[in-house]
Ligand code: ACO
């Protein structure tokens with residue numbers, strides 16, 4: 001019977017259809033998804049911090065309202081993704097515990113500081129742009145709840161990307177100092193944005209199996225290339241350059257050639273040695289501990305409601 005179930009699983013994956021929570025699945029498929037979805041959820045939650053930094057200092061009420069809505073969206077994405085992980089048997093409290101103990105990863109990109117307001121725009125344009133590039137294909141990932149979560153997440157990310165680009169466009173129409181601020185911000189974020197896609201294919205331990213299971217639909221390098229090709233004309237329209245002397249159109253390939261990100265920097269950031277790793281985790285831990293009374297109150301309230309229902 002277990003052979004039948006395995007054959008059924010293989011068939012669903014081969015057909016490009018969806019595996020649902022109650023379907024049989026290999027243990028490795030389940031654990032890979034929990035790993036990836038948890039990392040993704042943690043990234044959304046930690047990702048609130050770099051931009052949240054500017055909420056109290058946004059230059060206008062309009063910018064503040066937009067930024068607040070955006071940061072709240074990220075919280076929503078995180079909760080949505082934790083729920084998707086729960087359909088696989090994971091426990092949200094346990095995942096949060098692993099995050100604040102540094103036992104589960106979140107995206108490298110959120111370990112860089114945001115010293116200028118232009119960073120809000122650059123994060124929207126490049127970081128959310130890279131996230132969309134990675135997540136649109138995940139709308140077709142083989143696990144149903146993850147794929148469906150990605151549809152809504154991608155719609156909201158597109159709004160985030162546009163607000164970032166619009167912010168930068170406005171600054172580029174401003175003073176020379178504002179234009180310099182945009183370029184300086186782009187110079188700092190370009191390489192880290194390329195690293196978001198993960199290590200090169202030949203040193204990505206999970207890609208081959210995740211592709212075979214239909215969890216990933218493209219390799220890390222394929223998506224990185226797509227992002228570079230997509231970003232170059234946007235940079236031209238904006239009037240900024242990327243800090244890569246090797247970035248050039250290759251007519252033969254029909255793609256841009258580009259330089260190699262500093263993978264030793266990536267490894268260090270993933271290991272926890274980036275500029276803001278400690279701060280990000282400390283802030284998350286404090287928020288979790290400060291929120292204990294809310295969870296206790298909600299649990300007590302739910303218990304009393306259940307009691308009243310009886
Ligand atoms: N930051 C931190 N860790 C990373 C990153 C990154 N940018 N890229 C890869 N890694 C980790 C992987 O999690 C993996 O760790 P583990 O095996 O110890 O758990 C290791 O590096 C090796 O990488 P891969 O074998 O390439 O891992 P994987 O197949 O999971 O691919 C990828 C990585 C592309 C990030 C994939 O997990 C994915 O598509 N995730 C969903 C998207 C996501 O998490 N986005 C978060 C940022 S976007 C946002 O939140 C706005």
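Overview of values
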{"item": "Filtered residues of region 202-211 (kept if more than 8 Å from the ligand (Cβ to nearest atom) and either part of a loop (DSSP other than H, G, I, E, B) or under 21 Å from residue 142 (Cα atoms) (or both))", "result": "208, 209, 211"}
{"item": "Among the candidates 198, 174, 214, residue that is within 10 Å of the ligand (Cβ to nearest atom) and either crowded, with 21+ Cβ neighbours inside 10 Å or in a loop (DSSP other than H, G, I, E, B) (or both)", "result": "198"}
{"item": "Matching entry among 182, 153 (being in contact with a helix residue (DSSP H, G or I) (Cβ under 8 Å, 6 or more places away or on another chain), near the ligand (Cβ under 10 Å from one of its atoms) and either at pLDDT 95 or above or within 30 Å of residue 76 (Cβ to Cβ) (or both))", "result": "153"}
{"item": "So residue 226, is it over 30 Å from residue 64 (Cα atoms), in contact with a helix residue (DSSP H, G or I) (Cβ under 6 Å, 6 or more places away or on another chain) and not in a helix (DSSP H, G or I)", "result": "no"}
{"item": "Any hit, region 302-310, residues being in a loop (DSSP other than H, G, I, E, B) and either touching a strand residue (DSSP E or B) at 6+ places or on another chain (Cβ under 7 Å) or surrounded by 13 or more Cβ atoms within 10 Å (Cβ to Cβ) (or both)", "result": "no"}
{"item": "For residue 53: the one exception among (1) touching a strand residue (DSSP E or B) at 6+ places or on another chain (Cβ under 6 Å); (2) modelled with pLDDT under 95", "result": "(1)"}
{"item": "Residue in region 83-96 that is over 28 Å from residue 211 (Cα atoms), away from the ligand (no atom under 13 Å from the Cβ) and surrounded by fewer than 17 Cβ atoms within 10 Å (Cβ to Cβ) present", "result": "yes"}
{"item": "Selection from region 167-192 of residues that are under 21 Å from residue 68 (Cα atoms) and free of Cβ contacts under 8 Å to residues at least 24 places away in the same chain", "result": "170"}
{"item": "Candidates 122, 114, 141, filtered to the one that is within 12 Å of the ligand (Cβ to nearest atom), buried (at least 18 other Cβ atoms within 10 Å of the Cβ) and in contact (Cβ under 8 Å) with a residue 24 or more places away in the chain", "result": "141"}
{"item": "Qualifying residue in region 241-257 (condition: assigned to a helix (DSSP H, G or I) and surrounded by 13 or more Cβ atoms within 10 Å (Cβ to Cβ))", "result": "no"}
{"item": "Residue 267 being free of Cβ contacts under 8 Å to residues at least 24 places away in the same chain, under 29 Å from residue 50 (Cα atoms), part of a helix (DSSP H, G or I) and under 24 Å from the mean Cα position of the chain (by Cα)", "result": "yes"}
{"item": "Region 57-70 residues that are without any contact (Cβ under 8 Å) to a residue 12 or more places away in the chain, paired with ones that are surrounded by 12 or more Cβ atoms within 10 Å (Cβ to Cβ) and assigned to a loop (DSSP other than H, G, I, E, B) (beta carbon under 8 Å, 6 or more apart)", "result": "64/58"}
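The values are calculated or read from the model by the stated rules, or taken from the named source; none is laboratory data. Values in this document were obtained by computation on a predicted structure and should not be read as measured data. Ideal geometry is used to build each Cβ from the backbone, glycine not excepted, and the neighbour counts take in all protein chains shown.
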